[in-house]
Amino acid sequence: MERELTVLLRRARANQGEMAREVHPDLEPAAYGLLARLDECGRQRATELAAYIGIGKATMSRQLRALEELGLVAREPDPADGRAWLVHLTEEGRTRVGRVREARRARYVSQLAHWDRREVAELARLLHQLNRSTER
């Protein structure tokens, strides 16, 4: 199991770099996960994003600045707390991330086309279970 997880994670990191470049050629690979989270969950505070991704505030601030400069995210005051900011995808960011995520889904469909649908569903269920059991 350890070997297979290592191979899977190594490939996932390589794919993350490819997906980041597909979103924008200047995007750091680590920032792709941040964009995907915003795509899935919508507006969030930078502290929530940092906790989810597992990085510090300074690193998060640097990544958000870079994403803002690329026009992929924007910040707005949090209506619940005027001292805080909410981060969200811009329309350009949503379009680019959506295009890359759809292409990734199509690759998964192609790669798993010869699998039985029940096997795919079981794999998804087990991966979900693994992710839940390894949450902090």
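In segment 74-94, what residues are assigned to a helix (DSSP H, G or I) and surrounded by 13 or more Cβ atoms within 10 Å (Cβ to Cβ)? Selection gives E92, G93, R94. Of the candidates D116, D81, the single residue that is at pLDDT below 90 and of a type in the set (D, E, K, R) is D81. There is at least one residue in segment 127-135 that is assigned to a loop (DSSP other than H, G, I, E, B), within 27 Å of L67 (Cβ to Cβ), free of Cβ contacts under 8 Å to residues at least 40 places away in the same chain and not hydroxyl-bearing (S, T, Y).
Only one of the numbered conditions (1) under 20 Å from the mean Cα position of the chain (by Cα); (2) outside any helix (DSSP H, G or I); (3) of a type in the set (A, V, I, L, M) is violated by A106, and that is (2).
Considering A20, A74, A80, which residue is closer than 27 Å to L126 by Cα, free of Cβ contacts under 8 Å to residues at least 60 places away in the same chain and among the hydrophobic types (A, V, I, L, M, F, W, C)?
Going through A20, A74, A80 in turn, just one is closer than 27 Å to L126 by Cα, free of Cβ contacts under 8 Å to residues at least 60 places away in the same chain and among the hydrophobic types (A, V, I, L, M, F, W, C): A20.
Here G33 meets the list (1) without any contact (Cβ under 8 Å) to a residue 60 or more places away in the chain; (2) open to solvent by 80 Å² or more (accessible area, probe 1.4 Å); (3) assigned to a helix (DSSP H, G or I) almost entirely, failing just condition (2).
Please verify whether segment 56-69 includes one or more residues that are surrounded by fewer than 11 Cβ atoms within 10 Å (Cβ to Cβ) and hydrophobic (A, V, I, L, M, F, W, C). Yes, because at least one residue in segment 56-69 is surrounded by fewer than 11 Cβ atoms within 10 Å (Cβ to Cβ) and hydrophobic (A, V, I, L, M, F, W, C).
The values are calculated or read from the model by the stated rules, or taken from the named source; none is laboratory data. Remember, it's a predicted structure, so these values are computed and weren't measured experimentally. Reconstructed Cβ throughout: ideal geometry from the backbone, glycine too, with neighbour counts over all protein chains shown. Ligands, DNA and RNA are excluded from the accessible area calculation, which covers all protein heavy atoms including side chains. Shrake-Rupley method; radii C 1.70, N 1.55, O 1.52, S 1.80 Å.
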